[in-house]
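Participant: Encoded as structure tokens, here's the structure I'll be asking about.
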Amino acid sequence: MSSTAAIVGPATRQRAAARLNQSLVWCAALVLVLALRGYLADPAQLTTTFGDPDDAVRLYQVRSWLAGAGWFDLTLPRLGGADPLLSHWSRLIDVPVGLLARLFSSVLTTDGAELAARVIWPTLLLVALVSLVAREVERTAGRTAFWLALALVATTPLAVVQFQIGRIDHHNAMILAAAGGLILLLKSVDDVRAGPAAGILIGIGLSIGLEAIGLIATAVAAAVLVAEANPAARPGVRLATTWLAITVVAGLLISVPPARWLDIRCDALSLNLVMLVVAGAMGVAAVDRWAPRTGRIGRLVMLAGAGGMGVMLYALAEPRCLAGPFGMVDPAVRPIWLDGVREGYDIWRFAAVQTGMALGYAVMMVAAVAFAVLAVRRRQTPRSILQLCIVILAAAYGCIYVKLMPYALWVAILVIAVEAAQLPAMLGQPARTIKLGTVILFNQSTVTALATLLVPVMTAGAAVPSGFAPAQSAGCNHRAGIRTLAALPTGLFVADIDLGALIVADTPHRALAAPYHRLDRQIIAAHEILSGPAAGARAGLASVGAQYVAICATPAGDRDNSSLRGAMTNGAPIAGLHRVALPATVGGLVVYRMTTQ
């Protein structure tokens, strides 16, 4: 029998490895199809524009690092005027993007190398996430579930929108880390080996950015409580929390110099968050180690005490952080800019501008919750209970912020694929038809298409997800047009908020403001200048040290010549300023320059 095992064992392993390789190939093929589909929808966009102001500024930050900026020096000197922006973006994203650009620079032009990096980086991230989800679905429910998962990925545009080629900001990496980490956390309740990977992945996500911190915190707390009620699940969850703590500590050491450890920030990994995570992880480990025979009430009290200690330390370090990542932002900037950022909309505001997409999200999440409830009714296991908790939490957070919808949709894809694959024959139809029909019915594309057919006026523009594209009108965000400004003597621009990001990316000029909350005072100052009287524009520009003012004029723009923006929109003469002649191809870009007197 030992010889038979020796023969069969390797053969079985070889078949498993071959199947894994085949699955990875199919996942990569799907991602390439999605990338090609996005490119063919607008072939010129990738080369003529940045996908988003964030991609432009990320490229500027990467270039600064490659040019010799210190590892810990995230100051972007050409943004912010006299008080340059200290970026909250992690250097962890600059590294792969920069290395890819440097690698291709040996065979391509600088622009070509950067374009290659902008194409390859988001593609690699999406391959990793699709592979993680699809493989977990297959492990849980078989090959049919694998194919259903791929079909759902292909038909859920909001799940993949941040992974479009050209996207090199941190959103896609955070989605991979958070959604992938939560899926592995779910796996850890019945497979202890997944615990460390779950903790490390979630920790990396928090080191990159805090966008999903609310979802992560509540989901990890739910996992701890589920494990507390089910002793068999405790080892995996304990390892997840331990490695989460280890990873955020490492993230702090890697990302923040010791001189800034006491400089608490609400929008990036800081000592307050590290203390919160470490306190929670120590509480979970301590209860598991020293209270094995303590009653459930006693254990819960100990866990609550550890969690409370962590929250107290977090609050004492910087009370404003209790309001979230934007807790330190000047409230005056909200009506000027932040309240109008579509990725910060709740589902009701999102539905007003992208009804089909919002309905598609709602239908998918309702279906996922329903399937999760069905799973609990069929088998009350720690995994099914935690799955229901995570789906509900993810769905709720996606309703609060559009930017969290992709996180929730990846969880929904997992749940729908797994549970749909186990549906039996019904209504006189074979099981295969029921499974396929479920996926066809409960996906975002189907709902959006039906809404478009039934209520066209409700879904105008629904083919392109909103909240992720720059708000510039046609022409203003074309890189060729922005680059014409490079011929002007170098100076500081007061400009529309998105233009500021494009100017620093494609010219040697500086910009006072850009769409980043750490520039709140500069955003307010730029707004006051642009909306203020044209007669006082020169004095306003001089007060911030600017030499230029630029706007993206639109047909529906301000027609009142008394304001600076209105006068620029109409091409009116402005005391102390001179209009800069730009090529007609620049579109709506309007630039005025301070005169010498």
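The values are calculated or read from the model by the stated rules, or taken from the named source; none is laboratory data. Computed from a prediction, not measured in an experiment: that's the story for all the values here. Ideal geometry is used to build each Cβ from the backbone, glycine not excepted, and the neighbour counts take in all protein chains shown. Keep in mind that these areas ignore ligands, DNA and RNA; they rest on the heavy atoms of the full protein, side chains included. Shrake-Rupley method; radii C 1.70, N 1.55, O 1.52, S 1.80 Å.
Participant: From the list Gly70, Gly81, which one is closer than 22 Å to Ile503 by Cβ, in a loop (DSSP other than H, G, I, E, B) and not β-branched (Val, Ile, Thr)?
Facilitator: Checking each option against the conditions leaves just Gly81.
Participant: From Ala567, Ala542, Ala505, Ala526, which residue is crowded, with 19+ Cβ neighbours inside 10 Å, in contact (Cβ under 8 Å) with a residue 12 or more places away in the chain, in contact with a strand residue (DSSP E or B) (Cβ under 8 Å, 6 or more places away or on another chain) and not aromatic (Phe, Trp, Tyr)?
Facilitator: Values: Ala567 fails: in contact with a strand residue (DSSP E or B) (Cβ under 8 Å, 6 or more places away or on another chain); Ala542 fails: crowded, with 19+ Cβ neighbours inside 10 Å; Ala505 fails: in contact with a strand residue (DSSP E or B) (Cβ under 8 Å, 6 or more places away or on another chain).
Exactly one of Ala567, Ala542, Ala505, Ala526 is crowded, with 19+ Cβ neighbours inside 10 Å, in contact (Cβ under 8 Å) with a residue 12 or more places away in the chain, in contact with a strand residue (DSSP E or B) (Cβ under 8 Å, 6 or more places away or on another chain) and not aromatic (Phe, Trp, Tyr), namely Ala526.
Each row is one residue, and each column tells you yes or no for (1) more than 22 Å from Ala480 (Cα to Cα); (2) assigned to a loop (DSSP other than H, G, I, E, B); (3) hydrophobic (A, V, I, L, M, F, W, C).
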{"position": "Ala513", "(1), (2), (3)": "no, yes, yes"}
{"position": "Ile523", "(1), (2), (3)": "yes, no, yes"}
{"position": "Ala526", "(1), (2), (3)": "yes, no, yes"}
{"position": "Ala535", "(1), (2), (3)": "yes, no, yes"}
{"position": "Ala539", "(1), (2), (3)": "yes, no, yes"}
{"position": "Ala542", "(1), (2), (3)": "yes, no, yes"}
{"position": "Val549", "(1), (2), (3)": "no, no, yes"}
{"position": "Ile574", "(1), (2), (3)": "yes, yes, yes"}
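Participant: Among (1) surrounded by fewer than 21 Cβ atoms within 10 Å (Cβ to Cβ); (2) part of a helix (DSSP H, G or I); (3) touching a residue at least 24 places away in the same chain (Cβ under 8 Å), there is one condition Ala396 misses while meeting the rest; what is its number?
Facilitator: So the condition that Ala396 fails would be (3).
Participant: Inspect the stretch 40-52 for any residue being at pLDDT below 95, in contact with a His (Cβ under 8 Å, 6 or more places away or on another chain) and surrounded by fewer than 20 Cβ atoms within 10 Å (Cβ to Cβ) and give the result as yes or no.
Facilitator: Yes: one or more hits.
Participant: Still on this structure, I have one more. Here are some conditions: (1) among the hydrophobic types (A, V, I, L, M, F, W, C); (2) in a helix (DSSP H, G or I); (3) open to solvent by less than 10 Å² (accessible area, probe 1.4 Å). Ile168 meets all but one. Which one does it not meet?
Facilitator: So Ile168 meets the others, but not (2).
Participant: Identify the residue in the stretch 120-165 that is part of a loop (DSSP other than H, G, I, E, B) and not small (Gly, Ala, Ser) and, among all such residues, is surrounded by the most Cβ atoms within 10 Å (Cβ to Cβ). Let's see the steps before the verdict.
Facilitator: As a first pass, look at the stretch 120-165 and keep what is part of a loop (DSSP other than H, G, I, E, B): 142, 155-156, 164-165.
The next check asks that each one be not small (Gly, Ala, Ser); those that pass are 155-156, 164-165.
On the way: Thr155: 21, Thr156: 23, Gln164: 25, Ile165: 21.
Only one residue tops the list, namely Gln164.
Participant: Can I ask one more? Under 7 Å between Cβ atoms, at least 6 apart or on separate chains: pull out the pairs that start in the stretch 162-177 with a residue that is free of Cβ contacts under 8 Å to residues at least 40 places away in the same chain and end on any residue that is among the acidic types (Asp, Glu) and open to solvent by 10 Å² or more (accessible area, probe 1.4 Å).
Facilitator: Met174/Glu211
Participant: Out of (1) closer than 25 Å to Met328 by Cβ; (2) crowded, with 23+ Cβ neighbours inside 10 Å, the odd one out for Ala240 is which?
Facilitator: Of the numbered conditions (1) closer than 25 Å to Met328 by Cβ; (2) crowded, with 23+ Cβ neighbours inside 10 Å, the odd one out for Ala240 is (1).
Participant: Let me ask another. Within the stretch 44-88, work out how many residues are among the hydroxyl-bearing types (Ser, Thr, Tyr) and more than 21 Å from Phe493 (Cα to Cα). Break it down stepwise before answering.
Facilitator: Quick first cut of the stretch 44-88, residues among the hydroxyl-bearing types (Ser, Thr, Tyr) only: 47-49, 60, 64, 75, 87.
Restricting the remaining residues to those that are more than 21 Å from Phe493 (Cα to Cα) gives 47-48.
Of the residues in the stretch 44-88, 2 are among the hydroxyl-bearing types (Ser, Thr, Tyr) and more than 21 Å from Phe493 (Cα to Cα).
Participant: If you take the residues of the stretch 479-502 that are surrounded by 21 or more Cβ atoms within 10 Å (Cβ to Cβ) and more than 30 Å from Ala268 (Cβ to Cβ), which of them is nearest to the chain's Cα centre (by Cα)?
Facilitator: It comes out as Gly481.
Participant: For residues in the stretch 188-206 being surrounded by fewer than 24 Cβ atoms within 10 Å (Cβ to Cβ) and not hydrophobic (A, V, I, L, M, F, W, C), which is nearest to Met282 (Cα to Cα)?
Facilitator: Step by step, filter the stretch 188-206, then rank; the result is Pro196.
Participant: Taking the condition under 20 Å from the mean Cα position of the chain (by Cα) and either closer than 29 Å to Leu404 by Cα or touching a residue at least 60 places away in the same chain (Cβ under 8 Å) (or both), does Ile264 pass?
Facilitator: No; evaluated as a whole, the condition is false for this residue.
Participant: Search the stretch 273-300 for residues being surrounded by 15 or more Cβ atoms within 10 Å (Cβ to Cβ) and among the β-branched types (Val, Ile, Thr), and hand back the single one that is farthest from Leu201 (Cα to Cα). Write out each step before concluding.
Facilitator: Here is the first cut: in the stretch 273-300, the residues surrounded by 15 or more Cβ atoms within 10 Å (Cβ to Cβ) are 273-285, 287-288, 299-300.
After this cut, where a residue has to be among the β-branched types (Val, Ile, Thr) as well, the list is 274, 277-278, 284, 287.
Details: Val274: 15, Val277: 14, Val278: 16, Val284: 19, Val287: 24 Å.
So, considering only residues that are surrounded by 15 or more Cβ atoms within 10 Å (Cβ to Cβ) and among the β-branched types (Val, Ile, Thr), the one farthest from Leu201 (Cα to Cα) is Val287.
Participant: Looking at the stretch 239-275, which of its residues are in contact with a Ser or Thr (Cβ under 9 Å, 6 or more places away or on another chain) and more than 21 Å from Trp89 (Cα to Cα)?
Facilitator: Selection gives Leu239, Ala240.
Participant: Given the conditions (1) out of contact with any helix residue (DSSP H, G or I) (no Cβ under 6 Å at 6 or more places or on another chain); (2) open to solvent by 20 Å² or more (accessible area, probe 1.4 Å); (3) under 22 Å from Glu318 (Cα atoms), report the number of the one that Ser270 does not fulfil.
Facilitator: Here Ser270 meets the rest and fails (2).
Participant: For Pro573, indicate whether it is more than 24 Å from Pro489 (Cβ to Cβ) and open to solvent by 60 Å² or more (accessible area, probe 1.4 Å).
Facilitator: Working: more than 24 Å from Pro489 (Cβ to Cβ): no; open to solvent by 60 Å² or more (accessible area, probe 1.4 Å): yes.
When the stated conditions are applied, Pro573 does not pass them.
Participant: Identify, please: which residue in the stretch 349-369 is of a type outside the set (Lys, Arg) and closer than 30 Å to Leu530 by Cβ and is, among those, surrounded by the fewest Cβ atoms within 10 Å (Cβ to Cβ)?
Facilitator: Once the filter is applied, the top-ranked residue is Ala352.
Participant: Can you name every residue in the stretch 370-392 that is free of Cβ contacts under 8 Å to residues at least 40 places away in the same chain, open to solvent by 40 Å² or more (accessible area, probe 1.4 Å) and assigned to a helix (DSSP H, G or I)?
Facilitator: Once the filter is applied, which keeps residues that are free of Cβ contacts under 8 Å to residues at least 40 places away in the same chain, open to solvent by 40 Å² or more (accessible area, probe 1.4 Å) and assigned to a helix (DSSP H, G or I), the stretch 370-392 yields Ala370, Val373, Arg377, Arg378, Ile392.
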